[in-house]
1. Using unit Cβ charges (K, R positive; D, E negative) and no other charged atoms, how large, in debye to the nearest 20, is the dipole of chain A about its Cα centre?
2. Checking the a/c ratio against 1.5 first, then a/b against b/c, what shape does the Cα gyration tensor give for the stretch B:201-243?
3. Quick check: Cα centre of the stretch A:332-366 to Cα centre of the stretch A:258-286, how many Å?
4. Grab the DSSP H runs of chain A that are 4 residues or longer, score each as -39,500 (n - 2.57), total them, divide by all residues and round the 222 nm result to the nearest 500 deg cm²/dmol.
5. Would you please give the residues with an amide H less than 5 Å from that of A:GLU198, counting only those at least 5 places away or on a separate chain, with H modeled from the backbone geometry?
6. Run the 1.4 Å probe and let me know the accessible area of B:SER164, rounded to the nearest 10 Å².
7. Of the cross-linked pairs A:LYS409/B:LYS134; B:LYS205/B:LYS274; A:LYS211/A:LYS381; A:LYS39/A:LYS353, which ones have a Cα-Cα span greater than 32 Å in the structure shown?
8. Between the stretch A:1-61 and the stretch A:112-154, what is the separation of their alpha carbon centroids in Å?
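The values are calculated or read from the model by the stated rules, or taken from the named source; none is laboratory data. Owing to the predicted nature of the structure, the values given are computational and were not obtained by experimental measurement. Note that we place each Cβ from the backbone using ideal geometry, even for glycine, and neighbour counts take in every protein chain shown. Only protein heavy atoms, including side chains, enter the accessible area calculation; ligands, DNA and RNA are left aside. Shrake-Rupley method; radii C 1.70, N 1.55, O 1.52, S 1.80 Å.
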Amino acid sequence: MEYRVANGVLLQVVPTDKFKNMKIMINLTSPIDHRNFAKLALLAELLENASAKYRSEMAVSRKLSAMYGASYGVSVLRYGNQHTLQIKMTYPNDQYLPDDHDLTAEVFAFLKEMIERPLVVAGQFEQAYFKIHQTNMINYLESIVDNKEYEGTLQLQKLYYPNDRDHGDFLLGSASEIRKITSEELLRYYRQVLAQAEVTVLVGGHVDSGKILAEVRRFKTFKDRPITSYPLLVVPDPVQQVAIKRQVITGSQSVLSLGYQLPIYFGSQDYFAAMIFNQLFGGSTRSLLFTNVREKASLAYDIHSNYSSLFGMVTVQAGIDGQNEKRVTQLIHEQLDHLAQGDFTDELLMGIKRSLINQHRSESDHLGALMDNEYLQHITKFSISDNDWENQVRLVNRSQLKAVATQLKLRAIVALNSGEVSHANH
Amino acid sequence: MQTINYPIYGEKLLVSQLNNGLMVYIQPKPGFNKTTAVLGVNYGSIDRSFQLGNQTIIQPAGIAHFLEHKMFDKKDYDVFELFNQTGAASNAYTSFTNTNYLFSTTEAFKENLMILLDFVQTPYFTAAKVEREKGIIDQEINMYQNNPDNQAYFKTVNALYPASPLSSDIAGTISTVNQIRLKDIELAYQTFYRPDNMSLFITGKVDPQETLDWISENQQAKSWGSQPSVSRQLDLSQDQPENRHFVNMTVSRPKTMIGIRGNDSVPTGRLGLKYEIALSLMFDLFFSENADEYDKLYHDEIIDDSFSWEFENERGFHFALLGGDTDHPDEFINRIRTIIEQIPEIVKRKSTDFALQKKEQLGNYIQMMDSQEAISSQFDGFLGSPLTIYDEVAILNELTFQDVVQITQSFLNKASFQEVIIGNTKSRG
């Protein structure tokens, strides 16, 4: 059920009696612009941890405990070309609490406080509060390099999109960008976001729609705003050759990452074939990469592929011994060739299709997944019934899959190579 | 089949023990599409030293985890293939004391359940397959060693329990894994993978009676030979004086961890769970964002959002770990140690905070009730009596402030401590 609250402010209600908890998700969205990445990321931190009434991390945390351990989080996301500030809450249904409660009203009052009354003193976020979260964020960004898989993923993204910072940059910005932000500037930016960003509120669970609508209408800032239209799907600039980056790291394992362009997008004609292709390639424990690189050649423990349907991109990542880089790369190419030649069993394909359908049916057991899907369908304007979804999966055939595999174009390789090799000799 | 009702939450648990000793627990979730089943073996990484009849056996570190990997590798197929043919998702994991095999599915539940029971109860091992697995496990070990948070965890547990099976990583080391032979795998399997040492937990869309009939029929068709009596040997007698252990590793900021080893005795069953819940609440009273102590450390920039604590209460041991990234490892340790020393006194003044923490914990349990993953991972079938999250809520409701004070004192009065700093030699603060 959809309600228009104001121009550019929408409420979607997902009613279900299956769960003992309720979920709220508020999305504030704008067209992507890398110059805002660091600002929105730091803003998320500041909106999460204090407000005018709850003036410290402790005060917020205690309020959440008093609301029966309600969880509250603010994060930033990139849905294709859409830059998103996402606020999420989960809290138990009154029915399961001792005494009489109206937790929904309490939770909405809390959200209004956190969103509309930030911890501001003299036209800026309170200085000490701003400073500590700025420092924490810088520390976090500087520590990412300790997580080699994550570091590999971020470097691959950068290399994949040369000269395209909107898609190549890390969504949380860089330490140096965070360092440059002033408290005053950030508050100005927030006011602009509140006034101009498109707002979509989703509420799921045992809901009374009328009551929820009244609550959403009580947000003073959720007024009319212009709706900007922009393409959601990301098409990368063409490149002439594969970009390769090798870097020596300290550590016990090398991480190899590959990025391919696949010009097939969410909801398009070949979308279902692309999804199945990814499961066959490296997206499942029966995939060719898992079977041939891990199980047969014993060259990796973790090897997997990933398909991002809003970006038209397939990535592969593997944790390996540095000395095996060439052999692993060769094997990855070979698996892709197998798929392009349709060289896989019917039985494998059937199993993968069943797995996808099975997974899809399980999603209705998770309120979070139901709401994520609802939101994705809303922003992509592609909606499909469960039955049609399953039929589309069933209809995918070998020749479509071969065609998908042929369309993959390697764009970037990042090899973070550890100097060490395993000491064992088997 | 025994039925336990939890009327407040509209839930129930069905319990049955089969003739061969297998414990079966079924918790239906009407209205759900998916079913999750977990077959647990009461056998983990610490169980590598045992008495078999009058023979003493000591096996290489990492054997339980190695065996878990090998269970999937059959004569001419991989078990993942079987699950995949029906569309189910499957997985397995090994902890200090348990090995768990699980699947979840919306289709062909019976077929998958039979696959689960059959693949775990029908071994197929060869020397060649054992050798081939070593390359994969080496990469898994390298992945853990590459991760500084993981290293902080295992180095601290290692310092708390020196020269014991707890002092090794669950997966072992490249060198101990290399020592594993076919005969070790076979012996470990025969000794511990017996139905009276297993428990099956099922939740989601399920018809309990029909399911129990399927399981009984499957089990009746199998036979297990007799074996000499098994007695596990876990020698944790060695302790060492409190010390700061420095581990040299390239990290952007040092990681610091304090380990607290419990040396008091913890009751089993429901009382053990009460002990666990009480201590978790106590740690929240001092080290969650709700606590003044945490707030002070946070604003003095000794800790940040990377800080966390955990409490493990397992068969034969219990410990707590508190750790995070910090620019000031020595101050981190000194300040937190000072807080811990004062806990037995200061905890007595926190009765108001205790009430708040109880509210939060109740809500956390209700959140878990919507998740089959949480329901099944929270369940331990080897505690002597079935204890679900609904029982945990009941224990929480009955828990008094006095209980928390007493349990805290019993734990901390006898506890011993170790500290670990992961850092570059130059970054030592």
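1. Values: 44 positive and 47 negative charges, 141 e Å.
The dipole of chain A has a size of about 680 debye.
2. Numbers: a/c = 8.35, a/b = 1.90, b/c = 4.41.
Because a/c hits 1.5 or more and a/b fails to exceed b/c, the stretch B:201-243 counts as oblate.
3. For the stretch A:332-366 versus the stretch A:258-286, the Cα centre distance is 10 Å.
4. Details: 15 runs with 175 residues, N = 426.
When only DSSP H runs of four or more count, the value is -12500 deg cm²/dmol.
5. For A:GLU198, whose amide H was placed from the backbone, the distant partners under 5 Å are A:THR29.
6. Spelled out: B:SER164, probe radius 1.4 Å, area about 10 Å².
7. Values: A:LYS409/B:LYS134 34 Å; B:LYS205/B:LYS274 30 Å; A:LYS211/A:LYS381 27 Å; A:LYS39/A:LYS353 42 Å.
From A:LYS409/B:LYS134; B:LYS205/B:LYS274; A:LYS211/A:LYS381; A:LYS39/A:LYS353, over 32 Å: A:LYS409/B:LYS134; A:LYS39/A:LYS353.
8. Centre-to-centre distance over Cα atoms comes out at 16 Å.
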